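Everything on this sheet refers to the single structure shown next.
The values are calculated or read from the model by the stated rules, or taken from the named source; none is laboratory data. Computed from a predicted structure; not experimentally measured. Note: ideal-geometry Cβ built from the backbone for every residue, glycine included; neighbour counts use all protein chains shown. Side chains included, ligands, DNA and RNA excluded: accessible areas come from the protein's heavy atoms. Shrake-Rupley method; radii C 1.70, N 1.55, O 1.52, S 1.80 Å.
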Amino acid sequence: MKKMISRRNFLAAAGVVAAAGVLTACGGSSNSTAASASTAASGAAASGDTIKVGVLGPLTGDVSVYGQAVVNGATLYLKQVNEKGGINGKQLEIIAMDEQGDATQAVTCFTKMCDQGITALVGDVTTTPTLAVAAESADYNMPMVTASATAEAVTYDAETDTVNENVFRATFTDPFQGIKMADYAYQRLGYTKAAVIFQKGADYNEGLAENFVNEFESLGGTIVDQETYSEGDVDYKTQLTTILGKAPEVVFCPNYYQEVGQILAQAESIGLAVPFLGGDGWDGLEGYATDAQLKDAYFCANYAKGSNPDFEDAYKAEYGEEYPNGFAPLGYDAAMTVVYGIQAAEDAGLAAGDDDYKQAVIDAIAGGTINGITGTFTFDEHHNPVKQTAILCFDGATPVLKEMF
């Protein structure tokens, strides 16, 4: 039996307000905006005809391509719920904030959202800010569903064997991705010698790399080299030259797409022509690598383009463009998960935002089945989704579904 973090006292006032989206950043001049929104919230709380939902992500900064996709996907679903009459006649108010890709800002945003009376949170997006928000959210027992943070510790502390009771995720974990790609490399593609290159000191990159190495070796494969680089590095030729000298059949590169594009270009420039493999951080690689650099490359993802035309058409109609990457479908499913829990709390006749309400949301999600667009899934004992993985390859430089694995 896994230990659960005990429910603590709710520290901030919660309430429901008129349904209107509020979008702010969490630093500088945004304070006055947040204060104004909070005041409006307290004045409208007595109406009882709306439910506040927080949506948190990096809308500016280096990882905004992920944050914008998640926030857009989540917002699309929440708007669709409202268009269909809301939850038992109540409309959802979306409070979206920009944490700028920074863990401290993320916590600041989260506490402001709590002050404004959110009943649940869709967020955060990348691993480090999500870990910070998850730790803070325990004090509020705030139902929290991250679309895309993959570090195991977001929902489960392996050292203490403790599950973060209020936190769930719609995506798979770093260990899952690393293991899955090692299995695919060895069992499906037949590679027996692999090298790895990843950013050191980053939870996402290290998590995938470590689990790939362990699984690949356990299957009988050989890791001929492991190379690392530091945040901010742009020259990888030294590491890639070392890898070239070890003659691998394949290179596992669990990094984000901007760096992957640079790594692939530099690998080509030194004559390292073996295939590369990656995780979901590759989503968005289009335009950052050539057809030749992506030949025989594969990565795992939660969603394959074309698998849900209704979602893709609705996204384009709402935002005037095609969905940018697989983080948008995950944002949609994370919002769907939050609404699933809220529906249960509303059906129980509980007061939005109080302790019993939040616990009802959490309990419903933990025992629920979500019919999402990234697949139908339940949650395991660590609050991770149980679902299949899309393996994508490239048609030229465009990722396409190879198979579900």
Per the list (1) in contact with a helix residue (DSSP H, G or I) (Cβ under 8 Å, 6 or more places away or on another chain); (2) within 30 Å of residue 276 (Cα to Cα); (3) among the hydrophobic types (A, V, I, L, M, F, W, C); (4) surrounded by fewer than 16 Cβ atoms within 10 Å (Cβ to Cβ), residue check on residue 404 breaks on (1)
Any chance residue 273 is open to solvent by 10 Å² or more (accessible area, probe 1.4 Å) and closer than 29 Å to residue 324 by Cβ: no
Of the conditions (1) in contact with a Lys or Arg (Cβ under 7 Å, 6 or more places away or on another chain); (2) open to solvent by 10 Å² or more (accessible area, probe 1.4 Å); (3) of a type in the set (A, V, I, L, M), the single one that residue 94 does not satisfy is (1)
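This table checks each residue for (1) modelled with pLDDT under 95; (2) open to solvent by 20 Å² or more (accessible area, probe 1.4 Å); (3) under 19 Å from the mean Cα position of the chain (by Cα).
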| position | (1), (2), (3) |
| --- | --- |
| 368 | no, no, no |
| 371 | no, yes, yes |
| 377 | no, no, yes |
| 380 | no, yes, yes |
| 383 | no, no, yes |
| 387 | yes, yes, yes |
| 390 | yes, no, yes |
| 396 | yes, yes, no |
Scanning segment 304-318 residue by residue, those assigned to a helix (DSSP H, G or I) and among the aliphatic types (A, V, I, L, M) turn out to be 314, 317
Regarding segment 217-237, can at least one residue be identified that is among the charged types (D, E, K, R), out of contact with any Pro (no Cβ under 9 Å at 6 or more places or on another chain) and in a strand (DSSP E or B)? yes
Inside segment 229-258, the number of residues satisfying the requirement of being under 21 Å from residue 173 (Cβ atoms) and either open to solvent by 40 Å² or more (accessible area, probe 1.4 Å) or free of Cβ contacts under 8 Å to residues at least 24 places away in the same chain (or both) is 1
Quiz item: small (Gly, Ala, Ser), open to solvent by 60 Å² or more (accessible area, probe 1.4 Å), modelled with pLDDT of 95 or more and not in a loop (DSSP other than H, G, I, E, B) - does that describe any residue in segment 319-333?
Solution: no
Every listed condition ((1) closer than 22 Å to residue 213 by Cα; (2) at pLDDT 95 or above; (3) of a type outside the set (S, T, N, Q); (4) in a helix (DSSP H, G or I)) holds for residue 153 save (2)
Within segment 207-218, can one find any residue that is modelled with pLDDT under 95, surrounded by 16 or more Cβ atoms within 10 Å (Cβ to Cβ) and more than 19 Å from residue 405 (Cβ to Cβ)?
yes
How many residues of segment 342-361 are touching a Gly at 6+ places or on another chain (Cβ under 7 Å) and either β-branched (Val, Ile, Thr) or at pLDDT 95 or above (or both)? The answer is 1
Note to self: Taking the conditions exactly as written (closer than 23 Å to residue 349 by Cβ, in contact (Cβ under 8 Å) with a residue 12 or more places away in the chain, open to solvent by 10 Å² or more (accessible area, probe 1.4 Å) and touching a strand residue (DSSP E or B) at 6+ places or on another chain (Cβ under 7 Å)), does residue 88 satisfy them or not?
What the structure shows: no
**Message:** Taking the criterion of being within 22 Å of residue 124 (Cα to Cα) and in a strand (DSSP E or B), would at least one residue in segment 188-197 satisfy it?
**Reply:** no
Original post:
Is it true that some residue in segment 337-359 is within 19 Å of the chain's Cα centre (by Cα), surrounded by 15 or more Cβ atoms within 10 Å (Cβ to Cβ) and assigned to a strand (DSSP E or B)?
Top reply: no
